[in-house]
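Trainee: My questions all concern the structure below.
The values are calculated or read from the model by the stated rules, or taken from the named source; none is laboratory data. From a predicted model like this one, the values you see are computed outputs, not experimental measurements. Please note: Cβ atoms are built from the backbone with ideal geometry, for glycine as well, and neighbour counts cover all protein chains shown.
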Amino acid sequence: MNYNKKTVKDVEVSGKKVLLRCDFNVPQDKATGAITSDKRIVAALPTIQYLLENGAAVIACSHLGKPKGERKMELSLAPVAKRLGELLQKPVTFAADTVGPDAKAKAAALKPGEIMLLENTRFEAGETKNDPALAKELASMAELYVSDAFGSVHRAHASTVGVADYLPAVSGLLVARELEVMGKALDDPKRPFVAVLGGAKVSDKINVINNLLSKADAIIIGGGMAYTFAKAQGGSIGQSLLEADKQDYALEMIAKAKDKGVKFLLPVDTLAAKEFSPDAQPVVVDTMAIPDDMQGLDIGPKSVQLFCDAVKGAGTIVWNGPMGVFEFDAFAGGTRAMAQAMAESGAVTIVGGGDSAAAVEQLGFADKITHISTGGGASLEFLEGKELPGVACLQDK
C-alpha cells in the first residue's frame, strides 16, 4: 500500500468546484437530535478553510448513521450544516437532496470561496453499493475530489471511492496527516517500536497482531482478550471473557513472537470482581488463577508496572484498545496508567481510534499524544496492513 498520496496542496484548487468527502457522522441526542460532540466537524475545518481561502467552491458531503438508502429525516445533515456555518462564521448552503435537482442547482450557482453541504449520502441506495451511476452524478457537480473522511476510507462506497473514477482525487489535510503518521509508524518506525493492544476480543485483533509481529519489537496484550491467552496456556480464568475457538491461535502467536524475537507481554495479575458493575469490589488475583466465581475486569498492579516499564524506553508506541473496563472508575486504572506512561514516554505516540481514543480524551492525556486517529475501523485495518480502498483510489505523488 502506497501512503504517499497527493494532497490538496499539490494541486491547483483556485476557481475549481471541489467535492469534499468529510466525516460528519456525529453523535446526536436521541430525543432532541442535537449534536452532542462536534469534534468531527472541527477536524474538517483546516481542509475546508484551506480550500475556501485558496478560491475553491466547496461541495461537502458525508454520511450520517445507517439510513440504508431511505430518507430518514432524523438522520438529515441539516443540523451539521448549521453547526458548520457557526464554526466557519460564514453561511453554509444546504441541499435538500444528495444528487437531485436541489443539489445540482445549488452546486451550479456556487461561487469561489463559498461552501455547501449535500444531504446524507446514505439516503441514496447506491452509496454503500459503490454504484457507478451515483458516483458519476456526484462527480458531475465538481472538477476535483478531495477525500478527508479517514473514518470511511476502509469502505468502498460511491462517495469514498467511486467518484475517483470520474474526477482527479487527492487527500485532504486530515487524511494526509493520518497517512503520514501511521504510515511512517508501520513502515519506518523510530525504535524500539511497541504495540499496545487491548479490547474485548482476540478475533478483532487477529490480523493486527499478525501484521505487527513482523514490525514491532514488543507487543503488550491487555483487556478482555488477554484471558483467552491465559486460558490457552492452562490458566483458570473464572467467568472472564473467553473466545474458546481462538486458543490455538493465541498459542501460535506466542510461539511466533518467540521465533521472531518479539517481546510478547501478557498480564501477570488481574483486578477481578464477582459481578460486572461499577460498584463491584475489585480484588487483585493471579491472571492464571482467577477464582471460579470471579471475572477479570482490568490489569493488576504488577501488570501495570510491567507494561509501563516496557513503554518507557520506546521510540514509537501504537495503542489500540483499553486495558480494562475503563467506563467503570474502579477498573479504569490500567487504561489510565497506560495513557499516562505513553504521555510521559517521549516516544512518537499513536492512539488508534474508538475506545482508546475516548479513554485518552476522558482521562485528560489527549494533548500529550502525538496523534489520535479519527477512524476506528480504518485505523484498525491500517494496523492490519490491509489496503484501504478510499486511499488506494487517490493519486500518487
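Trainee: What number of residues within the range 1-22 are in a helix (DSSP H, G or I) and in contact with an Asp or Glu (Cβ under 9 Å, 6 or more places away or on another chain)?
Mentor: Narrowing the range 1-22 to residues in a helix (DSSP H, G or I): 8-10.
Going one step further and asking which of them are in contact with an Asp or Glu (Cβ under 9 Å, 6 or more places away or on another chain), we end up with 8.
Adding up the residues that qualify gives 1.
Trainee: Hey, another quick one. Within the set of pairs 6+ apart or on separate chains, which have a first residue in the range 76-104 that is closer than 17 Å to ARG40 by Cα, a second that is of a type in the set (Gly, Ala, Ser) and surrounded by fewer than 21 Cβ atoms within 10 Å (Cβ to Cβ), and C-beta atoms under 6 Å apart?
Mentor: VAL92/GLY85
Trainee: Also: Test ALA280 against the stated conditions and say whether it is farther than 23 Å from PHE365 by Cα and in contact with a Leu (Cβ under 6 Å, 6 or more places away or on another chain).
Mentor: On the way: farther than 23 Å from PHE365 by Cα: yes; in contact with a Leu (Cβ under 6 Å, 6 or more places away or on another chain): no.
No.
Trainee: Taking the criterion of being small (Gly, Ala, Ser), without any contact (Cβ under 8 Å) to a residue 60 or more places away in the chain and either surrounded by fewer than 23 Cβ atoms within 10 Å (Cβ to Cβ) or under 20 Å from ARG155 (Cα atoms) (or both), would at least one residue in the range 8-25 satisfy it? First the steps, then the outcome.
Mentor: Initial filter on the range 8-25 (small (Gly, Ala, Ser)): 14-15.
From what's left, without any contact (Cβ under 8 Å) to a residue 60 or more places away in the chain: none.
No, the range 8-25 contains no residue that is small (Gly, Ala, Ser), without any contact (Cβ under 8 Å) to a residue 60 or more places away in the chain and either surrounded by fewer than 23 Cβ atoms within 10 Å (Cβ to Cβ) or under 20 Å from ARG155 (Cα atoms) (or both).
Trainee: Picking from LEU251, LEU271, LEU242, which residue would you name as being assigned by TED's automatic domain parsing to the domain that holds GLY354 and assigned to a strand (DSSP E or B)? Walk me through how you get there before you give the answer.
Mentor: On the way: LEU251 fails: assigned to a strand (DSSP E or B); LEU242 fails: assigned to a strand (DSSP E or B).
Checking each option against the conditions leaves just LEU271.
Trainee: Out of the residues in the range 189-213 that are under 22 Å from HIS371 (Cβ atoms) and small (Gly, Ala, Ser), state the one that is surrounded by the most Cβ atoms within 10 Å (Cβ to Cβ). Write out each step before concluding.
Mentor: We begin by selecting, within the range 189-213, every residue under 22 Å from HIS371 (Cβ atoms); these are 189-199, 204-205, 207-209, 211-212.
Checking the rest, the ones that are also small (Gly, Ala, Ser) come to 195, 198-199.
On the way: ALA195: 29, GLY198: 26, GLY199: 22.
Selected residue: ALA195.
Trainee: Next question. Counting just the residues of the range 350-368 that are on the phi < 0 side of the Ramachandran plot and over 15 Å from the mean Cα position of the chain (by Cα), which one comes out surrounded by the most Cβ atoms within 10 Å (Cβ to Cβ)? Give the steps one after another, and end with the answer.
Mentor: Just the residues of the range 350-368 that are on the phi < 0 side of the Ramachandran plot, to begin with: 350-352, 355-363, 365-368.
Going one step further and asking which of them are over 15 Å from the mean Cα position of the chain (by Cα), we end up with 362-363, 365, 367-368.
Details: GLN362: 15, LEU363: 17, PHE365: 21, ASP367: 9, LYS368: 14.
Looking at residues that are on the phi < 0 side of the Ramachandran plot and over 15 Å from the mean Cα position of the chain (by Cα), I get PHE365.
Trainee: Related question: Yes or no: LEU186 of a type in the set (A, V, I, L, M, F, W, C), surrounded by fewer than 23 Cβ atoms within 10 Å (Cβ to Cβ) and not in a helix (DSSP H, G or I)?
Mentor: Details: of a type in the set (A, V, I, L, M, F, W, C): yes; surrounded by fewer than 23 Cβ atoms within 10 Å (Cβ to Cβ): yes; not in a helix (DSSP H, G or I): no.
So LEU186 does not fit the description; no.
Trainee: Right, another one. If you go through the range 131-150 one residue at a time, how many are closer than 19 Å to LEU45 by Cα, in contact with a helix residue (DSSP H, G or I) (Cβ under 6 Å, 6 or more places away or on another chain) and either at pLDDT below 95 or surrounded by fewer than 24 Cβ atoms within 10 Å (Cβ to Cβ) (or both)? Full working, then the answer.
Mentor: Within the range 131-150, the subset closer than 19 Å to LEU45 by Cα is 144-150.
Adding the requirement that they be in contact with a helix residue (DSSP H, G or I) (Cβ under 6 Å, 6 or more places away or on another chain) leaves 145-148, 150.
Within this subset, residues satisfying the condition of being either at pLDDT below 95 or surrounded by fewer than 24 Cβ atoms within 10 Å (Cβ to Cβ) (or both) are 150.
Qualifying residue count for the region: 1.
For (1) at pLDDT below 95; (2) under 30 Å from ASN211 (Cα atoms); (3) among the basic types (Lys, Arg); (4) not assigned by TED's automatic domain parsing to the domain that holds LYS66, each residue gets a yes or a no:
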| position | (1), (2), (3), (4) |
| --- | --- |
| MET1 | yes, yes, no, yes |
| VAL18 | no, no, no, no |
| GLN28 | yes, no, no, no |
| GLY33 | yes, no, no, no |
| ARG40 | yes, yes, yes, no |
| PRO46 | no, no, no, no |
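Trainee: Sort through ALA343, ALA378, ALA358 and tell me the only one that's among the small types (Gly, Ala, Ser) and under 17 Å from GLY313 (Cα atoms). Quick ask: steps written out before the conclusion?
Mentor: Numbers: ALA378 fails: under 17 Å from GLY313 (Cα atoms); ALA358 fails: under 17 Å from GLY313 (Cα atoms).
Residue meeting the stated conditions: ALA343.
Trainee: Is the range 94-102 home to any residue that is in contact with a helix residue (DSSP H, G or I) (Cβ under 7 Å, 6 or more places away or on another chain) and either aromatic (Phe, Trp, Tyr) or at pLDDT below 95 (or both)?
Mentor: The initial filter retains those residues of the range 94-102 that are in contact with a helix residue (DSSP H, G or I) (Cβ under 7 Å, 6 or more places away or on another chain), namely 94-99.
Among the residues that remain, those that are also either aromatic (Phe, Trp, Tyr) or at pLDDT below 95 (or both) are: 94.
Checking the range 94-102: at least one residue is in contact with a helix residue (DSSP H, G or I) (Cβ under 7 Å, 6 or more places away or on another chain) and either aromatic (Phe, Trp, Tyr) or at pLDDT below 95 (or both).
Trainee: Follow-up question, since we're still on this one. Anything in the range 295-328 that is under 18 Å from GLY354 (Cα atoms) and surrounded by fewer than 18 Cβ atoms within 10 Å (Cβ to Cβ)? List them, or say none.
Mentor: Those that are under 18 Å from GLY354 (Cα atoms) and surrounded by fewer than 18 Cβ atoms within 10 Å (Cβ to Cβ): GLU327, PHE328.
Trainee: Another question, if that's okay. Quick check on my filter: what residues within the range 204-239 are in contact with a Phe, Trp or Tyr (Cβ under 6 Å, 6 or more places away or on another chain) and either acidic (Asp, Glu) or not assigned by TED's automatic domain parsing to the domain that holds GLY324 (or both)?
Mentor: ASP217
Trainee: Between a first residue in the range 219-232 that is in a helix (DSSP H, G or I) and a second residue that is modelled with pLDDT under 95 and buried (at least 24 other Cβ atoms within 10 Å of the Cβ), which pairs have beta carbons less than 7 Å apart while being 6 or more apart in sequence or on different chains?
Mentor: THR228/VAL202
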